[in-house]
2 protein chains.
Amino acid sequence: MTIEEFRKYAHELVDWMADYLNNIEQYPVKAFVAPGEVLHRIPNMPPETGEPFENIFADFIKIILPGMTHWQHPGFMGYFPANSSPPSVLAEMLTATLAAQCMLWQTSPAATELEERMMQWLAHLCGLPTHWHGVIQDTASSATLCALLTAREKYSAQRQMAINQYGFEGQPIFRIYASAESHSSVEKAVRIAGFGSNNLVKVPTDDNFSLKVELLEQQIKEDLQKGYQPLCVVATLGTTSSTGIDPIGPIGRLCQENHMWLHVDAAYAGTALMLPEYRYLAQELSYADSYVFNPHKWMLTNFDCSAYYVKDKEALLRTFEIMPEYLKTPLDRVVNNYRDWGIPLGRRFRALKLWFVLRTYGAENLRALLRHHINLAKQFASWLKADDRFELMAPVHFNLVCFRLKPKQGEDESFTEQRNEQLLNAINQTGHFFLTHTRLNGKYTLRAVFGQTYVKEKHVRALWHLISQLAL
Amino acid sequence: MTIEEFRKYAHELVDWMADYLNNIEQYPVKAFVAPGEVLHRIPNMPPETGEPFENIFADFIKIILPGMTHWQHPGFMGYFPANSSPPSVLAEMLTATLAAQCMLWQTSPAATELEERMMQWLAHLCGLPTHWHGVIQDTASSATLCALLTAREKYSAQRQMAINQYGFEGQPIFRIYASAESHSSVEKAVRIAGFGSNNLVKVPTDDNFSLKVELLEQQIKEDLQKGYQPLCVVATLGTTSSTGIDPIGPIGRLCQENHMWLHVDAAYAGTALMLPEYRYLAQELSYADSYVFNPHKWMLTNFDCSAYYVKDKEALLRTFEIMPEYLKTPLDRVVNNYRDWGIPLGRRFRALKLWFVLRTYGAENLRALLRHHINLAKQFASWLKADDRFELMAPVHFNLVCFRLKPKQGEDESFTEQRNEQLLNAINQTGHFFLTHTRLNGKYTLRAVFGQTYVKEKHVRALWHLISQLAL
């Protein structure tokens, strides 16, 4: 494909892309395909000779598109959103064209320095401690793993027995604490770092799905008595099931007293700290040793763009830095080489889309969008609350509403669950909306998140209308 | 930004993108900026109000572009390439627009199934064992970490003491083996997995920078006698410094005898297995338990796209699978949920660009390009060999040439090094080429890789002409 052919096809794609975004509501949110259906429409063998792009794009439309779940559809209300936006897509087009490897300062100085500045912008926008050091990670899962590894390194290096160098031989048994509502990535990171999931203590939560600090304190004491080494607490701002909020201040003071690392996982809800009315959540973040939130979830920025902050940059670098000759450059002591700030060596130019998004919208438009989303959730919750067929299953802290059909009088819980599962399936079968479920206090719960770039009040009204009818 | 504004700007960007690729040789390959120069041109504070896209794009041209190292420039001959191509960029445009989260089958069935098929296509193209299971990872660093974690899980789970669950308590001291020329990501993975870098045995290499199997065998024996537990060998097909090739067959037989995991890191050179003349390298891969190569290096596919294969899929899933309620779907036993195949939960739709690339070029054009690159290296090496000012520092197995200015009679090694460093700087200062260095047998060595999408014989001739003049 020549560059002039590329120009022609790229123009055609741009029109398709704009039309797709204009007409996205014509697609069912969740693909109606059976397992294996797409696979079997793609030949077993790769082609020996090249094919015209027209054929390939036609197959994209015919085979791939019907098999996609449309995450940018305003009716996408499942999981957490991964909202994108026009300026973010524009940046991704440039990123793909430059196709620069941004592992070292030298391999792309502008990418490194723009990343540094964008992380400062985000910290400023969210009222995060100004002395933190930021870096873009792919996901909050990786960021949480980085946090545990750095905590592990810092503890063991202080005792001249760095696990990075010597392994776990002769180390105490470490304990990691997180709420029972913490994300599965915490357990994944605990496993990967070699602590063993048995040493992840899942502390029960209160009625608001917020970690009970007195139980955490008690557990730490008991563990110390048993000879375990409490190492780290992962606190959550906005749990995945219900956006529950752990009490950062009291947890932070406990960590301080016990010389433990505090990692705060605000993957989804962290964006809300842009709003003054949520800023109080940031006040006690000064206790945190590390922090993560995902602009790729609720800040109009394409995945992957997870903002990871750490207080002790030297500990982070000690954890990941390895300096073979072929990666040495004359400026290594002067500049940031972000390959030493995480697991992968190679890195995309991910700061560009943040720059485009933050400048195109400006802080005021982003705040307005967040408030719009949060108001939609409040409105939807108010309708549910006023209807005695439904019950809210958790406080609506942000823009997620957890609800279910109430048990009918004398109804067995398993039957209530079945009715709710049927309701969820019926909603998703319409193709207009896609919701997912969770389990809160053991009870099957529907989740609706209003965080799409293009979601309007009319969509939420339509969802309510549908649910109200289906629940008859 | 409305969607119609997006359409307008995206068309403008497409013309810029095509012009950029057409005129890329007008840019210096490596940015001539000082540390902090770009940073200080970006305001400290994010904007409160939105800005017109025209301003943002103008700043991209004015501030960012002069600070980029141009990885797609045909004169980029440093590190390993990260070559891209028009169809790959077209796919990235669609991926960014769909902006789908591809963590579960349900969250994008077509992305999951296209990934499965593309990994089969790659295996077929490279003659890899057909019973392997493939998944796209972000980088070879992550893939190698996955391999070590899976080896760790498999060994310990067989003894009912899975480290994932119980941690390292009561485990033997594990030993990992790799050649002295293995990539720094092996040591990074050894550290992260908790083995300790002291337990990474770096086995010396022979004159061809190929691991000495007899030394590996001896080391394993000694370690067993000392009570260590040999766990895994990481063999390299194409080392970073010199594309050295470890003897997979003999290493594989040793691994089999000692019940060790064999991971093969073919990050760069793996693409060459598409050529029948290199296919012999694949013959002994049947010994491998896992394998990685990067289409995002030498297969015209944008980063990130690292192809990771594993023999024992169940062991991989046991290592990473955690099933919280909010991620459960009705089809979990029938489909692939690729979030359980690696570290991050979130995943981009990365298979699309592979599909576009493999179909646009077809196997025959990709093979022709690889041969073109390899011939350029042979040609360049022949000129060096015929000129007694230079010496080759390693065999030219693929398309990397390692060379230096020969020591002058009676010249001190440190002075030779200085002359070579000056030569490298002088080449890079022209802006027409960008080469990097390494150290082979302790000697400062220049590396030139000919793997760019648009590199032609004239570029290599021009490089030779320049070097020949500078060496006077």
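Every number in this text was worked out from the coordinates using simple rules, so none of it is lab data. Because the structure is predicted, anything quoted here is derived from the model rather than measured. Cβ sites come from the backbone with ideal geometry, for glycine too, and all protein chains shown count toward neighbours.
Key figures
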item	result
Distance between modelled label sites at A:GLU364 and B:ALA471, nm, 7 Å Cα→Cβ extension	6.4 nm
For segment B:321-329, 3J(HN,Hα) per residue [Karplus equation, 6.51 cos²θ - 1.76 cosθ + 1.60, θ = phi - 60°, Hz, x = Gly/Pro]	6, 9, 10, x, 4, 6, 10, 6, 9
Set of lysines near A:LYS353 by C-alpha distance (under 22 Å), chain-local residues within fewer than 8 positions excluded	A:LYS297, B:LYS8, B:LYS62, B:LYS353
Top positive-direction residue, dipole computed over the protein assembly as shown with Cβ charges, set B:GLY170, B:VAL29, A:TYR444	B:GLY170
Projected label distance in nm at A:SER286 and B:GLN225, using a 7 Å step from Cα toward the beta-carbon	6.1 nm
Cα centroid of segment A:105-181 to Cα centroid of segment A:427-446, whole Å	34 Å
Inter-copy spacing of B:GLY442 label points, which lie 7 Å from Cα along Cα→Cβ, given in nm from shortest upward	7.0
Electrostatic dipole magnitude of segment B:18-171 [Cβ: Lys, Arg +1; Asp, Glu -1; Cα centre; debye, to 20]	620 debye
Kirkwood Rh in Å, taken over the protein assembly as shown so that all alpha-carbon pairs contribute	28.5 Å
Helix-derived mean residue ellipticity, 222 nm - over chain A, DSSP H n ≥ 4, -39500 (n - 2.57), to 500	-13000 deg cm²/dmol
Label-point separation, B:ASP412 to A:ASN198 (7 Å along Cα→Cβ), nm	6.0 nm
FRET E, pair A:ASN258, B:GLU314, Förster distance 60 Å, beta-carbon r, rounded to 0.05	0.95
For A:PRO395, label point 7 Å along C-beta direction: distances to other copies, nm	6.8
Using alpha carbons only: equivalent-ellipsoid semi-axes of segment A:101-348, gyration tensor based, whole Å	28, 24, 14
Cβ-based charge dipole, segment A:101-348, positive-most Cα from A:GLY249, A:SER286, A:CYS102	A:CYS102
Electrostatic dipole magnitude of segment A:191-287 [Cβ: Lys, Arg +1; Asp, Glu -1; Cα centre; debye, to 20]	280 debye
Cα shape, segment B:132-176, gyration tensor, a/c 1.5 rule	prolate
For chain A, Kirkwood radius (reciprocal of mean inverse C-alpha pair distance, Å)	24.3 Å
R0 of 56 Å, Cβ-Cβ distance A:LEU215-B:LYS385: FRET efficiency to nearest 0.05	0.20
Gyration tensor verdict on segment B:30-102 (Cα atoms; rounded if a/c is under 1.5, prolate if a/b is larger than b/c, oblate otherwise)	oblate
Calculated label separations, B:GLY410, copies of the chain, 7 Å along the beta-carbon direction, nm	11.1
Linear extension gain, B:ASN55 paired with B:TRP464, 0.36 nm per residue minus alpha-carbon span	143.0 nm
Residues listed by number, segment A:250-281, amide nitrogen under 15 Å from A:MET161 label point at 7 Å toward C-beta	none
Extreme residue, positive dipole direction of chain A, given options A:ILE42, A:MET77, A:HIS131 (C-beta unit charges)	A:HIS131
Debye, to nearest 20: dipole size of segment A:364-470, +1 on Lys, Arg Cβ, -1 on Asp, Glu Cβ	340 debye
